[in-house]
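Read the figures in this text as sums done on the coordinates, not as results from a lab. Only a predicted model underlies this, so the values are computations on that prediction, with no experimental measurement involved. Ideal geometry is used to build each Cβ from the backbone, glycine not excepted, and the neighbour counts take in all protein chains shown.
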Amino acid sequence: MFEKLKLRGQLIKAFRTAEIYRTVKRGDRISYLFPKIHQIDNHHTYTRYAFSLLNGIDPELLNKKRWALRQVLGSNIEVNGSLKNFSITVHHKGLPKMLNYTYEAIHPHIKKMELPVCIGQDIYGNPVSWDFAELETLLISGEIGAGKSSLMRVILTTWVKYTSPEDLRLVLVDLKRAEMYRRGDLLLEHGVTHISRLPFKLPRIVVVIDEMSIVKRETDLVEMIQQFASQGRALGVHTIIAMQRPDADLLNSALKANLRVRISGRQADATNAKVAGVIGAEEIDAAARGRMKIKIDNVKEFQAFFLDEEACKELLSPYKTRVKDPEPHLEVVPQSIFGLLEKEEQR
């Protein structure tokens with residue numbers, strides 16, 4: 001009982017420090033009305049507070065004043081919820097400092113997925129994974145040294161080892177607009193709304209755009225990329241966009257709304273983190289290599305698997321082959337998967 005009262009006092013102190021309260025004036029006296037605390041669960045690995053905001057308290061304060069909450073509660077916190085009901089989880093131990101990628105270790109977690117992504121481990125020791133066939137667009141951003149290149153290698157290497165060329169085509173250079181139209185015509189011809197309902201199988205296509213800011217002035221290309229992100233789901237065309245510094249002009253509201261998964265390494269400030277769509281990315285420890293945050297529903301911090309260029313080449317060497325493209329409607333530029341990522345970022 002004493003422990004719960006102590007923790008309750010700690011949370012109220014955090015609310016006071018972050019100025020998350022309402023004030024009521026009674027004569028010469030000002031009273032502070034703090035959020036209503038419903039439950040405190042204290043475990044050996046974490047403490048979780050459940051509470052609701054009073055009417056008139058801006059929910060955005062929980063994000064804007066995360067730094068103040070961390071000053072009182074500790075640096076390893078998660079804030080979840082919306083509108084009025086929230087929880088703050090304070091973790092008592094941190095993430096691992098390094099996680100080397102091995103396909104054998106992640107395979108049990110992905111074997112039921114169609115297009116699996118497994119990129120690291122969260123603070124509970126659970127794999128950070130999802131099926132790209134269901135959440136089909138991804139934005140990766142972060143400062144130099146955040147681990148973007150390694151993350152991309154992990155994703156692409158897993159796909160090469162897991163899928164067959166009949167099920168997946170990786171387009172690492174360009175995808176002609178005509179292929180989008182051709183697939184759209186096929187859906188109309190057969191009266192269906194998704195490639196999975198066609199009477200024959202089409203391979204899924206993943207378009208990888210590395211450092212999108214380079215093509216900022218190429219308006220036609222930017223428009224095409226936006227088309228992939230907005231219309232590609234039904235056509236089986238998926239998109240990964242990577243950029244070092246998130247660009248507000250490129251990541252306009254329409255494009256950002258269609259980037260269903262967002263991953264960020266450390267960002268320089270809260271403004272960059274907001275543009276990247278991953279609130280709190282500016283709080284990532286600069287010395288923690290491979291430390292990232294992911295937003296699908298909520299924002300979650302994780303330690304990404306590390307896969308360097310030489311190890312990637314060794315893993316993929318059995319899959320290298322020279323064959324003529326059997327699909328004449330696709331113009332393929334021969335390129336190795338790790339060729340896209342040869343400019344290694346310093347981790």
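Largest first, the extents of the alpha carbon coordinates of the stretch 25-152 on the three principal axes equal 68, 33, 33 Å.
Looking at the stretch 114-183, which chymotrypsin sites (Phe, Trp or Tyr not before Pro) are DSSP coil and have at most 16 other C-beta atoms within 10 Å of their C-beta? Working shown, then result.
Working: sites: Y124, W130, F132, W159, Y162, Y181; in loops: Y124, F132.
Here the chymotrypsin sites (Phe, Trp or Tyr not before Pro) that fit, given the DSSP loop and packing criteria, are Y124.
This ranking places E166, E179 by how few other beta-carbon atoms lie within 10 Å of each, fewest first, which gives E166, E179.
Could you tell me which of the pairs K6/K93; K97/K300; K65/K295; K93/K161 are separated by over 28 angstrom between their Cα atoms in the structure shown? Before the final figure, lay out the partial values.
Numbers: K6/K93 20 Å; K97/K300 16 Å; K65/K295 19 Å; K93/K161 34 Å.
Flagged as over cut-off: K93/K161.
For the stretch 2-91, the calculated P(r) over all alpha carbon pairs, in 5 Å bins from 0 to the bin holding the longest distance, is 3, 14, 25, 27, 17, 8, 4, 1, 0, 0 percent. Where in the chain are the DSSP H helices whose alpha-carbon span along the long axis reaches 18 Å or more and whose Kyte-Doolittle mean is at least -0.5? What comes out of the filter, once short or polar helices are dropped, is 2-17, 148-162, 219-235.
Sparsely packed loop sites in the stretch 180-233 (the GluC sites (Glu not before Pro) outside DSSP H, G, I, E and B with at most 12 other Cβ atoms within 10 Å) comprise E218.
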